[in-house]
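The block underneath contains the structure these notes are about, expressed in structure tokens.
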Amino acid sequence: MPKKTCHSKTYLSAVALSLLTACGGVAESQEPVVGAAEVSFYGYDDCLQLRNESTTVTLCPATGGRVLEYALNGVNVLYLPPGDEGWLLSDADAKSDGGQVPMNAGRFDIGPEMVRRRSNVLWAGRWKGEITGDRAARLTSQVDPVAGVQLIRDFELAADDSSLRCTQTIKNVSGDLVSLCHWSRTFAVGGGIAVVPRSPDKALERFPVGWVMYGPQKTIQTRPADPDVRVDDDAIFVNAAPAFPKLGFDSYAGWLAYLAPNDLMFVKRFATYPDRAYNELAGLTISVWYPKDRPAVELEPIGPAENLKPGRSASFTETWSLLEKKFPGDADAVTFAEVHRVVEGLTE
């Protein structure tokens, strides 16, 4: 992979900038924000970077409001291939929602997948980026007239560990009711092991074997079996690319973990809502997309249905964590107990 350059420019706090604008001079009493800067990265000159001693987060307003880098001690867990540096969405492609665009690494989206309509300005268009505080930033999309919404993403990195709080807000800017949901589509580096806990309360499970597999012609297999998917009473382990890449889960445990081959454990934690409707086709709370032909794995928390009247908003938060974890040589050696201990030890 070509070497990525990273040049930074420290930002003043929002308060200092407002005083500077109002008074026509530098607000000497205000200190610069800590751990946040504008940088050049992966061919983009306007990225926002959040840092603490161990963790680096690099955000990309130029294409899709995504996370390009989530790295612990310099090791990035996100899939960011060479060859797509500096890519920008064309004006013609911005009006559509079709075709392949090189959107990798930390993507977010809105669903439900099979029925939602949006143009590419949300998925891959230019967003507005701003630093909002110490190790904090906000990305704001353009208004999408097709979906009738605007998206806002707030990111905040902890001061002394890898915890990254990611909040996506869906704002209905149309004159009609919209029914949408949060849909995370994060690409991590491929070849690892995904661990999806089953609901602690088994009465909440709806799928006969705890998971479903999307097959040919959008069919859904409700009792799938695959040699690369291991199921036990506590969790489901996706050890390698299955026969079909898209898998769905009905877990209300509120987290999933991924053991990456670069010796990192990537954990996502999020709220679940057993008493609310999930409007993704199969009512999923989590999806994992594990293809055979791409060195990436998509880790997808899915939020409940948000039925928004004009002018209303709804937010969904994921808290990411990274930990050093030697990648196991034998996938069957991974146990739910050891992964669960790590997740329980993380700050809520």
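The values are calculated or read from the model by the stated rules, or taken from the named source; none is laboratory data. The structure presented is a predicted model; accordingly, all values stated were derived computationally and were not measured. Note that we place each Cβ from the backbone using ideal geometry, even for glycine, and neighbour counts take in every protein chain shown.
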Evaluate the following for Asp161: is it touching a residue at least 40 places away in the same chain (Cβ under 8 Å), closer than 29 Å to Pro81 by Cα and part of a loop (DSSP other than H, G, I, E, B)?
yes
Which of (1) over 19 Å from Leu256 (Cα atoms); (2) of a type in the set (Ser, Thr, Tyr); (3) surrounded by fewer than 18 Cβ atoms within 10 Å (Cβ to Cβ) is the odd one out, the single condition Thr167 does not satisfy?
(1)
Which residue pairs have Cβ atoms under 9 Å apart, sit 6 or more places apart or on different chains, and have a first residue in the range 323-338 that is over 11 Å from Leu259 (Cα atoms) and a second that is of a type in the set (Phe, Trp, Tyr)?
Asp332/Phe237; Phe336/Phe237
State which residue pairs qualify: first residue in contact (Cβ under 8 Å) with a residue 40 or more places away in the chain and inside the range 215-233, second residue of a type in the set (Ser, Thr, Tyr) in any location, beta carbons under 6 Å apart, and separation of 6 or more residues or different chains.
Ile220/Tyr214
(1) of a type outside the set (Val, Ile, Thr); (2) without any contact (Cβ under 8 Å) to a residue 60 or more places away in the chain; (3) not in a helix (DSSP H, G or I): which one isn't true of Phe266, the others all being true?
(2)
Are there any strands (runs of 3 or more DSSP E) wholly within the range 1-96 with 2 or more residues that are at pLDDT 95 or above, and if so which?
32-41, 44-51, 55-60, 66-72
What are the residue pairs meeting all of these: first residue in the range 43-60, first residue within 11 Å of Gly74 (Cα to Cα), second residue not acidic (Asp, Glu) and not in a strand (DSSP E or B), Cβ atoms under 6 Å, and 6 or more apart or on different chains?
Ser54/Asn73; Thr55/Ser162
For residues that are β-branched (Val, Ile, Thr) and either in contact with a Gly (Cβ under 6 Å, 6 or more places away or on another chain) or more than 24 Å from Phe155 (Cα to Cα) (or both), tally how many sit in the range 279-333.
1
Count of the range 222-246 residues which are farther than 21 Å from Leu281 by Cα and among the small types (Gly, Ala, Ser)
3
Given the conditions (1) under 29 Å from Arg294 (Cα atoms); (2) touching a strand residue (DSSP E or B) at 6+ places or on another chain (Cβ under 6 Å), report the number of the one that Ala136 does not fulfil.
(1)
Check the range 326-342 and report whether any residue there is at pLDDT 95 or above, under 23 Å from Leu72 (Cα atoms), surrounded by 21 or more Cβ atoms within 10 Å (Cβ to Cβ) and out of contact with any Leu (no Cβ under 7 Å at 6 or more places or on another chain).
yes
Those residues of the range 136-152 which are surrounded by fewer than 22 Cβ atoms within 10 Å (Cβ to Cβ) and closer than 27 Å to Ala36 by Cβ, in sequence order:
Ala136, Thr140, Gln142, Val143, Gln150, Ile152
Selection status of Tyr290, in contact (Cβ under 8 Å) with a residue 60 or more places away in the chain, over 22 Å from Val334 (Cβ atoms) and crowded, with 16+ Cβ neighbours inside 10 Å:
no
For the range 153-168, indicate whether the set of residues that are of a type in the set (Phe, Trp, Tyr), touching a Gly at 6+ places or on another chain (Cβ under 6 Å) and at pLDDT 95 or above is non-empty.
no
Any residue at all in the range 134-156 that is without any contact (Cβ under 8 Å) to a residue 40 or more places away in the chain, among the aliphatic types (A, V, I, L, M), in a loop (DSSP other than H, G, I, E, B) and farther than 28 Å from Ile193 by Cβ?
yes
Residues of the range 171-193 classified as under 26 Å from Thr56 (Cα atoms) and under 15 Å from the mean Cα position of the chain (by Cα), total:
8
What's the total number of residues in the range 293-348 that are out of contact with any Phe, Trp or Tyr (no Cβ under 9 Å at 6 or more places or on another chain) and of a type in the set (Phe, Trp, Tyr)?
1
